[in-house]
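These notes concern the structure reproduced below.
The values are calculated or read from the model by the stated rules, or taken from the named source; none is laboratory data. Keep in mind it's a predicted model, so treat the numbers as computed, not measured. A quick note on method: Cβ atoms are made from the backbone with ideal geometry, for glycine too, and the neighbour counts reach across all protein chains shown. Ligands, DNA and RNA are excluded from the accessible area calculation, which covers all protein heavy atoms including side chains. Shrake-Rupley method; radii C 1.70, N 1.55, O 1.52, S 1.80 Å.
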Amino acid sequence: MLCHIALALLWLGLTAGAAPATAADTVAVVLSERGGVYAEFLDALNAGMAQSPGRRVVRLTGVAAAGEKIDEAELGDASLVLAVGAGAARALARMEGTPPVLSVLVPRLTFERIAAESGRRARPGSFSALYLDQPLSRQLNLLRFALPGRKRVAALLGPESAALAPRLRSAVSRAGFELQMEQVAEEGDIVPALNRLLPATDVLLALPDGLVFNRNTARPVLLTTYRHQRPVVGFSQAYVTAGALAAVFSTPAQMGRQTAEFLRGLPAGRVTLGAPLYPSYFSVAVNRNVARSLGLDLPDEGVLREALEKAGEGE
């Protein structure tokens, strides 16, 4: 759980000697935590906003404990609020009368759950997101380009990712793959489920789920897939480092860059947000040691990334 919410205001267009920024130029930014990925995101956001002539980002900090209601006065005359991380998104979703809220560094399923629980889904244009996770089509294209000929895909879903099942079936079918899928309710179910899935499939597609893929389960999951000589296509650099074959993911810096581009493109005045967007910028990682141990020869990361860019986003 995120333990603190750090509140920061970004004032755009505020330069020494210039007129004060108007409401049209003000974005309030609420962080879920200090430091770490949030600092990396803010650094990239500030760098991106500095590219816009006549606009300057100034960060004014305040602190509120996780779960506490944010004082609306802290948001000032902002025309948009940027919620960075799930903790900030939850806090802002519960507030009434705020400016439109754009959530970033939040996976799609988490955002949809927050929107549904808060009732924000009923107010289109006021609560949207730049998702952290990749579209399923991009993950399946990575599988296609990295492992041509492997058509039988295994997926293991937990309580968080169970809602993904219908979209996963549809995306796999459109991509021309075959899907074998199981859902688990507790960590003890994971290895038995993998032992049932892997003999009849070619690759495990790992999807974000706090129960199935975490620090405690990474070792048994990866050892089980290796025992079956099945590669894992994951969703993060950390999982590739731990032993997955490959992954496509967006870094906090890449998300900061995309968010800055989004903000620079906003019209003056209070904004109406459109539908949520997937990341435009992403990276590919390959674990060469794992590839060699499985007798696989994968293209370079750059080649795979270019292929994914040419393939487009999709669902």
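Structure values in brief
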| item | result |
| --- | --- |
| In the range 255-272, residue modelled with the highest pLDDT [restricted to those that are crowded, with 20+ Cβ neighbours inside 10 Å and of a type in the set (A, V, I, L, M)] | Met255 |
| The range 188-233, subset acidic (Asp, Glu) and out of contact with any Ser or Thr (no Cβ under 6 Å at 6 or more places or on another chain), residue nearest to Arg288 (Cα to Cα) | Asp202 |
| Among (1) open to solvent by 50 Å² or more (accessible area, probe 1.4 Å); (2) part of a loop (DSSP other than H, G, I, E, B); (3) in contact with a strand residue (DSSP E or B) (Cβ under 6 Å, 6 or more places away or on another chain) - the single one Arg305 does not satisfy | (2) |
| Among (1) assigned to a helix (DSSP H, G or I); (2) within 17 Å of the chain's Cα centre (by Cα); (3) under 26 Å from Arg113 (Cβ atoms), the one test that Pro208 misses | (1) |
| Which listed residue is under 27 Å from Phe177 (Cβ atoms), out of contact with any Ser or Thr (no Cβ under 9 Å at 6 or more places or on another chain) and of a type in the set (Ser, Thr, Tyr), from Ser118, Ser137 | Ser137 |
| Out of Ala247, Ala275, Ala285, Ala291, sole residue that is in contact (Cβ under 8 Å) with a residue 12 or more places away in the chain, of a type in the set (Gly, Ala, Ser) and in a helix (DSSP H, G or I) | Ala291 |
| Residue count, the range 211-244 (criterion: open to solvent by 20 Å² or more (accessible area, probe 1.4 Å), assigned to a helix (DSSP H, G or I) and hydroxyl-bearing (Ser, Thr, Tyr)) | 2 |
| Restricting the range 191-205 to residues that are open to solvent by less than 10 Å² (accessible area, probe 1.4 Å) and outside any helix (DSSP H, G or I), the residue that is nearest to Leu164 (Cα to Cα) | Leu205 |
| Selection count where residues are touching a helix residue (DSSP H, G or I) at 6+ places or on another chain (Cβ under 7 Å), aliphatic (A, V, I, L, M) and within 21 Å of Arg174 (Cβ to Cβ), scope the range 114-155 | 7 |
| Test: residue in the range 37-55 that is modelled with pLDDT under 85, open to solvent by 10 Å² or more (accessible area, probe 1.4 Å) and under 21 Å from the mean Cα position of the chain (by Cα) | no |
